[in-house]
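Student: My structure is below; once you've seen it, I'll send some questions.
The values are calculated or read from the model by the stated rules, or taken from the named source; none is laboratory data. No experiment lies behind these values; they were computed from the predicted model shown. Cβ: placed from backbone, ideal geometry, glycine included. Neighbour counts: every protein chain shown. Just the protein is used for accessible areas: all its heavy atoms, side chains included, with ligands, DNA and RNA removed. Shrake-Rupley method; radii C 1.70, N 1.55, O 1.52, S 1.80 Å.
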Amino acid sequence: MTDLLASSDTADSTQAEVDAEMAAAAATAVDGEPQPRLDYPPYRSSLLRHPTKAQHPADPEGIELWSPVFGDHEIDAVESDLTVQHSGEPVGERMKVTGRVLDGDGRPVRHQLVEIWQANAAGRYLHQRDQHPAPIDPNFSGLGRCLTDAEGRYAFTTIKPGPYPWRNHRNAWRPAHIHFSLFGNDFTQRLVTQMYFPGDPLFALDPIYQSILDPRARERLVASYDHDVTEPEWCTGYRWDIVLTGGHRTPREEEA
Ligand SMILES: [Fe+2]
């Protein structure tokens with residue numbers, strides 16, 4: 001553990017050294033490992049903050065009594081279009097991303113909150129901790145949210161985010177991605193994940209993407225280009241479906 005702590009959050013490893021660590025981890029995959037490996041040394045800063053104890057069982061209904069409540073009235077349609085939230089148009093490739101949210105049994109997760117956050121076209125977040133020399137776009141905040149419809153569909157209009165450097169190791173760059181948070185049918189189903197774009201050359205180099213050891217599971221984080229979502233003279237289109245677990249919840253009685 002001492003070695004891990006000493007190497008944690010140091011940016012002086014080379015990409016070749018991180019590549020070797022990722023290859024070594026991949027060789028130890030057990031049964032595919034479709035979820036990110038939490039104790040994954042190539043992703044430096046995760047070592048000191050990943051869970052080390054068994055998950056604490058939670059009563060889904062009990063949590064609903066004190067967790068946040070989101071109602072339709074709090075979501076404005078403009079919140080799903082990240083290109084119209086300021087006085088001018090953001091710079092970059094306008095795109096639409098849409099898909100369905102399904103539970104573990106394949107049923108649509110209806111009228112539930114989907115939130116996204118992302119960097120701008122230059123790969124810069126509007127956040128004080130992102131100070132790398134790429135321009136802030138005054139017309140782009142990079143935050144959006146919407147509710148899924150009756151078929152479990154969500155849709156956002158945004159601009160394609162750029163890749164950005166981070167300090168995991170020397171010359172580390174994240175593949176372009178959009179962060180997603182979903183709450184599903186109840187608070188205990190919350191899923192936070194990242195959506196990627198097809199064919200990104202940085203996939204093989206990225207310890208966050210590679211912390212999912214099962215290649216097929218990793219690929220499920222990559223959206224598909226969909227020409228039917230693309231709109232003429234307006235935007236390109238991507239499709240990405242999300243499957244939540246937890247579809248076996250005991251049905252509740254209707255309130256009187
Ligand atoms: Fe990010």
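Student: With a 1.4 Å probe and all protein chains kept in place, how much accessible area does Val192 have, in Å² rounded to the nearest 10?
Tutor: 80
Student: How much accessible area per residue does the range 41-166 have, in Å², with a 1.4 Å probe?
Tutor: Dividing the accessible area of the range 41-166 by its residue count gives 56 Å².
Student: So, one more: If you roll a 1.4 angstrom probe over the protein chains with everything in place, what fraction of the accessible area of the range 28-135 belongs to carbon and sulfur, to the nearest %?
Tutor: On the range 28-135, the fraction of accessible area on carbon and sulfur atoms equals 54 percent.
Student: Work out how far the C-alpha atoms of the chain reach from end to end along every principal axis, then list the three figures in whole Å, largest first.
Tutor: Its Cα atoms span 59, 48, 33 Å along the three principal axes.
Student: Give the longest segment of the chain that steers clear of GluC sites (Glu not before Pro) in DSSP loops with at most 12 neighbouring Cβ atoms within 10 Å, not counting the sites themselves.
Tutor: 1-92
Student: Around Gly123, what is the net charge, scoring Lys/Arg as +1 and Asp/Glu as -1 over all other residues with Cβ under 15 Å from its Cβ?
Tutor: Value of the local net charge: 0.
Student: Given the -39500 (n - 2.57) contribution per DSSP H run of 4+ residues, what per-residue ellipticity at 222 nm results for the chain, rounded to the nearest 500 deg cm²/dmol?
Tutor: -3000 deg cm²/dmol
Student: I'd like the antiparallel share, as a percent to the nearest 5, of DSSP beta bridges with both residues in the chain.
Tutor: 80
Student: Next question, about the same structure. Sort Arg167, Arg110, Arg216 by heavy-atom solvent-accessible area, probe 1.4 angstrom, most to least.
Tutor: Descending accessible area places them as Arg167, Arg216, Arg110.
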